[in-house]
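Comments concern the structure below.
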2 protein chains.
Amino acid sequence: MGVTTKDIAQICGVSRTTVNRAFTNTGRINKETKEKILRIAEELNYRPDLLATGLKNGKTQCLGVVVFDVRNRYFAQMLNAIEIEAKSREYFINITLHEKDRKQEQEMVQRLVDYRVEGLLLSPVSKGNVFADFLKKMEKPIVIIGNRVDEQIPFVGIDEKKAAKDAVRTILGKGYQNIVFVCPPLADVAEENVYSHEQREMGFLEEVSKHKEVSYEVLKSWNYLEEVEKILSLTNEKTAFFCSGDIFALDIMKYLKQKNKKAGQDYGIMGFDNIDTLDYVIPRLTTIDNMVEKVATKAADILFDLIQGKEVPTKTLVDYKEIEGETL
Amino acid sequence: MGVTTKDIAQICGVSRTTVNRAFTNTGRINKETKEKILRIAEELNYRPDLLATGLKNGKTQCLGVVVFDVRNRYFAQMLNAIEIEAKSREYFINITLHEKDRKQEQEMVQRLVDYRVEGLLLSPVSKGNVFADFLKKMEKPIVIIGNRVDEQIPFVGIDEKKAAKDAVRTILGKGYQNIVFVCPPLADVAEENVYSHEQREMGFLEEVSKHKEVSYEVLKSWNYLEEVEKILSLTNEKTAFFCSGDIFALDIMKYLKQKNKKAGQDYGIMGFDNIDTLDYVIPRLTTIDNMVEKVATKAADILFDLIQGKEVPTKTLVDYKEIEGETL
DNA sequence: TTGAAAGCGCTAACAG
DNA sequence: CTGTTAGCGCTTTCAA
């Protein structure tokens, strides 16, 4: 590699210990020696080797973050929030991606641990006991964002269930008699961790079943476009689609627009997440802000607490927010 | 930390060298000894310390990637492409973000180098000789994506200038007599590396000035919404806006829609980039695909060549593609 | 105020 | 087939 403390020591005619002291401000050191060392180091463009430092100290000032796809706005916003939080504590973040490949997800976690990151933030697609045990075996501070893994591993998110209930109430308040919960991710429930969607479904069902006069159903298929159209053409009731993700809502709106059906007029529609693509789409979609930035910031906070050996809650909920648009 | 080769050696009653041999398949080793070592390692959940390995070998199998904001679709798609490419070579990528903060950008580069990544992919906001020298001083393989820094540092992108010329021709072909190039980033040309936008502007000017009968102007302000509206209200000519970024186009379309002006009818508009938000917006924006995924993949390829000590071109252009929409 | 020596965990040359 | 030894670059006693 480049210049090492050894080189500097040699040039300055001192020992490596002294050189080290010059950098760390630790222990007594002659002012001139120190200045000389620093000057020479500067001249030679000396840079400490972080691998060596990390190895020696057992600390790397790094956090690992594992998410599946940065193209997803949710993660993009999340990463930014984490980055900012980490930076404020002079930590470095190490982002890794896996394309919903559960094997890779574990590999990424493992590798980050092997690189001795001091803590991990995950938004996992894996689930179940095996995965939970795997994470626990890491013996590293870990905080889960969004898709809960088990009761013990600290988790940060919003109260998805309550949010879904609120949404149903909002929709009913607008006079809809038929509500369809559109949740394609549930089609993958067998393999994938879709905790947040499951929670939303529970909230939906709990609330909607309280109202005898309302008819409802849940769509768990990725073929939702056709199904939605069919539903609309077969019913006479005032129908609203509650989508477990803004993307699905946008997709439906676009599709139905081509069929000359207008959101907010011919049907109602509500999303979930408040992704920023919504800023460019007319009419403005009514949705629920998942507060991903707040959640991520909170998760990072908790992770730092864990790193410092503090006790932390195993479940932390951040307030969500309904965003009124023009589609109900 | 956890279990080390030393522990395993002790337990198996052999030396650390032997343990090492069991893992690396290098040198002769007794089959049973090997199996025993591997079994014990497995049981103890042994994991090599990557910091130590890296320190020893001077290799980390890591690439560093520095971008300014992952919320930007362009980078999001770029990162995914890089990730895939790196993974196929068993490299790990280390993504870091800085919010267009040029000081931080340099710090990130420096830190990645200090962590001994084997190469760097940057899409920089910094520019100029000082920055170029800084990068060269790293003495690491580096490939620049999108915003060129200087003639020597390998760069991958599309032929922005030619693409802009093509776009102008397309617009003229639709009968527009007045073309406005909307390029807010040029407002920041003093501080920021906006190479790609400068190239686009050059292309625009070169092409448009060939046609004496066409009037044109360039908008370099972040207040483009009002200016656009003013222009539309003052001119009688058939006007098109050529936006140096789809985001600006979407913003304009939304704004003008509220003023009851329709894209493709009351005015023409064309974007640049082909971000995937376009999928959800009607009418479909005519634009140019910046091929970010291909560019990123190519950049990673070149970086690997550099890492292997091969010669690489200092400038690589990937074919762009015009996407016909409904807004011209 | 400074230096010698040992060690973080892994690896490789060289002996045996 | 296996072990000894030294060393990657940095840090930290402990002794001078």
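Listed values, structure above:
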| item | result |
| --- | --- |
| Ranking of A:108, B:138 by count of other Cβ atoms within 10 Å, fewest first | B:138, A:108 |
| Relative exposure of A:32, A:43, judged by other C-beta atoms within 10 Å (fewest first) | A:32, A:43 |
| Range of Cα positions in the protein assembly as shown per principal axis (Å), largest first | 79, 70, 50 |
| Rough spin-label spacing in nm, given labels placed 7 Å along Cα→Cβ, for residue B:230 and residue B:202 | 3.0 |
| For B:235, A:287, order by how many other beta-carbon atoms lie within 10 Å, fewest first | B:235, A:287 |
| Lysines whose Cα lies under 20 Å from that of residue A:230, excluding same-chain neighbours fewer than 8 positions away | A:220, A:238, A:254, A:257, A:259, A:261, A:262 |
| Separation of the residue A:174 and residue A:322 label points, Cα + 7 Å toward Cβ, nm | 1.0 |
| Number of partner chain Cβ atoms within 10 Å, mean per residue of A:276-283 | 5 |
| Inter-copy separations for residue B:30, label at 7 Å along Cα-Cβ, nm, ascending | 5.7 |
| Computed log₁₀ I(q)/I(0) - Debye formula, equal Cα scatterers, no solvent, region A:5-48, q 0.17, 0.20, 0.32 Å⁻¹ | -0.35, -0.50, -1.31 |
| Estimated D of chain A in µm² per second, where Rh is the Kirkwood radius over Cα pairs and Stokes-Einstein applies at 37 °C, 0.692 mPa s | 145 |
| Cα-based shape type of region A:269-328, given that a ≥ b ≥ c are square roots of the gyration tensor eigenvalues and the cut on a/c is 1.5 | prolate |
| 14 Å tail of the calculated P(r), region B:29-115, as % of Cα pairs | 74 |
| Length released on extending from residue B:310 to residue B:38, taking residue separation times 0.36 nm less the Cα-Cα span | 94.2 nm |
| Average beta carbon contacts from partner chains per residue of A:104-117, 10 Å cutoff | 3 |
| Gain on full stretching of the segment that runs from residue B:282 to residue B:47 - 0.36 nm per residue minus C-alpha separation | 79.3 nm |
| Computed over region A:105-213, Kirkwood Rh from alpha-carbon pairs, angstrom | 15.7 |
| Residue-count net charge about residue A:274 - beta-carbon cut-off 9 Å; Lys, Arg +1, Asp, Glu -1 | -3 |
| Choice from B:107, B:35, B:206 with maximal GNM fluctuation in chain B (Cα, 10 Å cutoff) | B:35 |
| Shielding by other protein chains, A:87-93, mean Cβ within 10 Å | 3 |
| Region A:182-328: radius of gyration over Cα atoms, expressed as a fraction of 2.2 N^0.38 Å | 1.20 |
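No lab work stands behind these numbers, since they all come straight from the coordinates. This structure is a prediction, so every number in the text was calculated from the model and none was measured. Counting neighbours? That spans all protein chains shown, and the Cβs are built from the backbone with ideal geometry, glycine included.
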